[in-house]
Amino acid sequence: MKAYLTKRYRFSASHRLHNEEFSNEQNRATYGKCNNPHGHGHNYALEVTVSGEVDPRTGMVYDLGALDSAVERSVIERFGHENLNCVRDFAELVPTSENLAKKIFEILKRELASVALDRVKLDETSQNSFEYAGGSELRY
Amino acid sequence: MIYLTRKCEFSASHYYHNPEFTPEENRRIFGKCNNPNGHGHNYTLELTVKGEVNPKSGFVVDLKDLKEILNREVLDVMDHRFLNKEVPEFAKEIPTTENIAISIWRRLQSTLNVAELHRVRVYETPDLFVDYYGEE
């Protein structure tokens, strides 16, 4: 019996959307307020979905404690209360929520080797969210 | 194909324990959830059914019927209950969110004659939920 388990986490970070290859005008036109050189911040909410057969001995798809510690160690400590533009992952990548969602998926894919990672969903605000399933279509 | 989701809430207590494990294993694997006196949650169930829109009624399913089935098969059985002691399948299975979602699917699959089941989503808390789509 395959089930999908989703846990929601929160972290806050700042960023500035800016591409060195664009002119100042292009950057302003493309990123608007998000191009403010001093940056700005968000309270991000992250949903992580893993799936698998329910273990008949525990009734669980995956150990929630192991999931929490993997997300805490590899994502929250890495990005929480940081300026994303100063984090190594975004040295050459614009820290949009699209790129952040993909980066988080890649990190968790490596960290969660013993369970299938299905998708991550990143809420940048209560009105914008981004989902990535490693290039697969989303399971509705 | 149209998908329709009906939400309802129930409150119940449970604890996690496998009699095949030693007391130490139970505590290690299940942590606080192993407290034999149980603890409770406000669960939210989102049931998604699917089908074609009936051209006469404009409905994919009559919500009155769906509500009645949900009340009878899920809420009457689980709301304000101690799941381990009062819901027959949880005498043997551990009432994790995964198993609650599977149990609800099975209860509805055998009784839901008004629409096709698509997904059962059970929130244990606003930050933790399980989806079940039947056998895959």
Exercise. Identify all residues within the range A:76-88 that are under 12 Å from the mean Cα position of the chain (by Cα) and free of Cβ contacts under 8 Å to residues at least 40 places away in the same chain; write none if there are none.
Key: A:ARG78
Exercise. List the number of the failed condition for A:SER12; all other conditions in (1) more than 14 Å from every other protein chain (Cβ to nearest Cβ); (2) in contact (Cβ under 8 Å) with a residue 40 or more places away in the chain; (3) more than 13 Å from the chain's Cα centre (by Cα) hold.
Key: (3)
Quiz item: In the range B:68-96, which residue that is among the acidic types (Asp, Glu) and open to solvent by less than 80 Å² (accessible area, probe 1.4 Å) is farthest from the other protein chains (Cβ to nearest Cβ)?
Solution: B:ASP79
Practice problem: Only residues that are part of a helix (DSSP H, G or I) and either within 14 Å of chain B (Cβ to nearest Cβ) or open to solvent by 20 Å² or more (accessible area, probe 1.4 Å) (or both): list them for the range A:15-40, please. | Solution: A:ASN24, A:GLU25, A:GLN26, A:ARG28, A:ALA29, A:THR30, A:TYR31, A:GLY32, A:LYS33, A:CYS34
Practice problem: Would you point out which residue out of A:ALA101, A:ALA66, A:ALA70, A:ALA113 is at pLDDT below 95 and out of contact with any Pro (no Cβ under 9 Å at 6 or more places or on another chain)? | Solution: A:ALA113
Quiz item: Could you say whether any residue in the range A:112-119 is in a loop (DSSP other than H, G, I, E, B), open to solvent by less than 90 Å² (accessible area, probe 1.4 Å) and either closer than 16 Å to A:SER12 by Cα or within 14 Å of chain B (Cβ to nearest Cβ) (or both)?
Solution: yes
Practice problem: Scan the range A:41-59 residue by residue and report those that are away from chain B (no Cβ under 11 Å) and open to solvent by 20 Å² or more (accessible area, probe 1.4 Å). | Solution: A:GLY41, A:HIS42, A:ASN43
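What are the residues in the range A:66-79 that are open to solvent by less than 40 Å² (accessible area, probe 1.4 Å), within 20 Å of B:ARG28 (Cβ to Cβ) and within 13 Å of another protein chain (Cβ to nearest Cβ), if any?
Residues satisfying the conditions are A:ALA66, A:LEU67.
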Quiz item: When the residues of the range B:3-39 are filtered to those that are of a type in the set (D, E, K, R) and loosely packed, with under 11 Cβ neighbours inside 10 Å, which remaining residue is farthest from the other protein chains (Cβ to nearest Cβ)?
Solution: B:GLU24
Practice problem: Could you tell me whether any residue of the range B:120-134 is more than 14 Å from chain A (Cβ to nearest Cβ), assigned to a strand (DSSP E or B) and touching a residue at least 24 places away in the same chain (Cβ under 8 Å)? | Solution: no
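The values are calculated or read from the model by the stated rules, or taken from the named source; none is laboratory data. The shown structure was predicted, so the numbers you read here are calculated from the model rather than taken from an experiment. Note: ideal-geometry Cβ built from the backbone for every residue, glycine included; neighbour counts use all protein chains shown. Note: accessible area is taken over every heavy atom of the protein model, side chains too, but ligands, DNA and RNA are not part of it. Shrake-Rupley method; radii C 1.70, N 1.55, O 1.52, S 1.80 Å.
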